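Engineer: Okay, here's the structure, questions in a sec.
Rule-based calculations on the coordinates, nothing more; no lab input. This is a predicted model, so every value here is computed, not measured. Ideal geometry is used to build each Cβ from the backbone, glycine not excepted, and the neighbour counts take in all protein chains shown.
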Amino acid sequence: MFRDSLEAGARAVAAHFDHVLSDAADLPVLHAMRYATTGGKGLRGWLVLEGARLHDVAPERALWPACAIEAIHAYSLVHDDLPCMDDDDLRRGLPTVHRKWDEATAVLAGDALQALGFEMVADPRCHPDPLVRADLTLSLARAAGARGMVLGQALDMAAERADAPLDLQQITALQAGKTGALIAWSAEAGARLAHADLAPLTAYAERLGLAFQIADDILDVEGDAETVGKAVGKDAGRGKATFVSLLGLEGAKARATSLVTEACDALSPYGHRADALREAARFVISRRN
Ligand code: GRG
């Protein structure tokens, strides 16, 4: 049931994306942008839509920040895959943007997706109150930038060159930026649209983001064990610290499970109205991709 809701959200975001870009030039960068925003789970956009529903915000309004966060997420993946970063050939089971086109197109598509994300939350159709739009834009810039996702990515790159692997506190801080910041923004956006208290969603999202990353590390290990011929998980293969290497497989699973319980508990002010968000938290640690 949650999967149906996730797919419906992803379809709505994709349609909105097409609508917004319908007047864009017929150039490779535009095709690369559409390609890069296709095929993901759409979890971040779904969190925006669900957080908005929880606060009785109209879906037509919520689609702007939902599409914005998926655009920023897509940009981060396109740039993360570049030869100067992770140098990946595949993303979502298909050739990465720089493999399908070329590096220049991938850089430009990522740049344009990032700009588009900010354009969408600054658009008057997102919210009539300019203060709400400014709040969404400022918080998104903080989540994506040098105090958020870019900080996490930079810490990750520094860790690659470091002599000693990171400890648990360091890797938690790294992932809070790299993965957690956009997830937190997604969960909070609905409350921002409604001028509501962010605290319960912030507490939920902090735990959700960490559980998501721990699950990613577990998938990396279990996927490698299950898939004959698949390259050894990159992080594990380099001897770099991961939640699994630091906590052990069973310890990592236990930590992810208790984070999900805490995330669900943080939603108690919303009662059963937040059950879909609780389902999302459980999905994050049970997913297979
Ligand atoms: C290049 C500034 C810059 C940042 C890149 C997010 C990121 C930072 C790198 C991605 C590397 C990676 C695979 C991290 C693991 C966690 C993660 C973000 C996985 C991808 O998110 P999903 O599973 O992806 O939500 P889909 O494809 O479903 O959208």
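Engineer: Suppose the filter is more than 18 Å from residue 70 (Cβ to Cβ) and more than 16 Å from the ligand (Cβ to nearest atom); does residue 193 pass it?
Structural biologist: Against the criterion (more than 18 Å from residue 70 (Cβ to Cβ) and more than 16 Å from the ligand (Cβ to nearest atom)), residue 193 does not qualify.
Engineer: Please go through segment 143-162 and pick out each residue that is away from the ligand (no atom under 15 Å from the Cβ) and closer than 21 Å to residue 244 by Cβ.
Structural biologist: 162
Engineer: Just give me the residues in segment 161-186 being in contact with a Ser or Thr (Cβ under 8 Å, 6 or more places away or on another chain), crowded, with 19+ Cβ neighbours inside 10 Å and not β-branched (Val, Ile, Thr), in sequence order. Step through it out loud before you land on a result.
Structural biologist: Quick first cut of segment 161-186, residues in contact with a Ser or Thr (Cβ under 8 Å, 6 or more places away or on another chain) only: 165, 171, 182, 184-185.
Okay, now just the ones that are also crowded, with 19+ Cβ neighbours inside 10 Å, so 171, 182, 184-185.
Hits for segment 161-186 are 182, 184, 185.
Engineer: To continue, here is another question. For segment 71-86, does any single residue satisfy the condition of being surrounded by 14 or more Cβ atoms within 10 Å (Cβ to Cβ), within 11 Å of the ligand (Cβ to nearest atom) and farther than 27 Å from residue 137 by Cα?
Structural biologist: yes
Engineer: Residue 126 fails exactly one of the following numbered conditions: (1) more than 27 Å from residue 273 (Cα to Cα); (2) outside any helix (DSSP H, G or I). What is the number of that condition?
Structural biologist: With (1) more than 27 Å from residue 273 (Cα to Cα); (2) outside any helix (DSSP H, G or I) applied to residue 126, the lone miss is (1).
Engineer: Here is a follow-up. So, restricting to helices (runs of 4 or more DSSP H) that lie completely within segment 25-106, which ones have at least 3 residues that are under 18 Å from the mean Cα position of the chain (by Cα)?
Structural biologist: Values: elements: 28-36, 43-54, 59-80, 97-100.
Result: 28-36, 43-54, 59-80.
Engineer: Additional query: What is the residue count in segment 265-281 for residues that are in contact (Cβ under 8 Å) with a residue 24 or more places away in the chain and out of contact with any Gly (no Cβ under 9 Å at 6 or more places or on another chain)?
Structural biologist: Adding up the residues that qualify gives 11.
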